[in-house]
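Written out below as structure tokens is the structure these notes cover.
The values are calculated or read from the model by the stated rules, or taken from the named source; none is laboratory data. Please read all numbers here as calculations on a predicted model, not as lab measurements. Heads up, the Cβs are rebuilt from the backbone with ideal geometry, glycines too, and the neighbour counts pull from every protein chain shown.
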Amino acid sequence: MKTATGVCKFCGQTAALEVPERFTQEMIDEEAVKKCDCPEAKAFTKQQETIAAAEGMIKDFFDGKEGMSAIMELLLSAVEPLAKHEIGQISISRGGYTGTMKPGKEGIKVQLKYTTVDSVES
């Protein structure tokens, strides 16, 4: 561990931090943002936590579900744009399954539906 000075990229406030020796200045500054009390840093940190939680949740949710890797990968690629409010929601369909992701009450909500349709045609 070493003592280093990080800078919040939002307000410029500096912070003395104990970080691993391998940390670059960019990584140190990221840690300073996490510790900063400015509104922008708090919102950014919350957004990053939401992204990490959603990615972990998606991986756990689809673990062991055969043939769902394409849906999982597309949902994972949409987590950041959804968390940043660049998109409102995403739905992906494949073989009777529909994966949907949208903002929830506390973070991001993921849903997987399976629909069977019986039909006849003459």
- Query: If you go through the stretch 69-84 one residue at a time, how many are in contact (Cβ under 8 Å) with a residue 24 or more places away in the chain and assigned to a helix (DSSP H, G or I)?
  - Reply: 9
- Of all residues in the stretch 46-63, which are more than 12 Å from the chain's Cα centre (by Cα) and loosely packed, with under 13 Cβ neighbours inside 10 Å? 60, 63
- Message: Quick check on the stretch 111-119. Is at least one of its residues among the hydrophobic types (A, V, I, L, M, F, W, C), under 30 Å from residue 13 (Cα atoms) and surrounded by 15 or more Cβ atoms within 10 Å (Cβ to Cβ)?
- Response: no
- Query: Which condition number does residue 36 fail, the rest of (1) free of Cβ contacts under 8 Å to residues at least 40 places away in the same chain; (2) surrounded by fewer than 17 Cβ atoms within 10 Å (Cβ to Cβ) being met?
  - Reply: (2)
- Does residue 10 fit the bill of being buried (at least 17 other Cβ atoms within 10 Å of the Cβ), of a type in the set (Phe, Trp, Tyr) and either in the same structural domain as residue 84 (by TED's automatic domain parsing) or assigned to a loop (DSSP other than H, G, I, E, B) (or both)? no
- Would you mind finding the one in 43, 15 that is of a type in the set (Gly, Ala, Ser), buried (at least 16 other Cβ atoms within 10 Å of the Cβ) and not assigned by TED's automatic domain parsing to the domain that holds residue 105? 15
- Message: Quick check on this structure: which one of 66, 106 is loosely packed, with under 13 Cβ neighbours inside 10 Å, part of a loop (DSSP other than H, G, I, E, B) and more than 17 Å from the chain's Cα centre (by Cα)?
- Response: 66
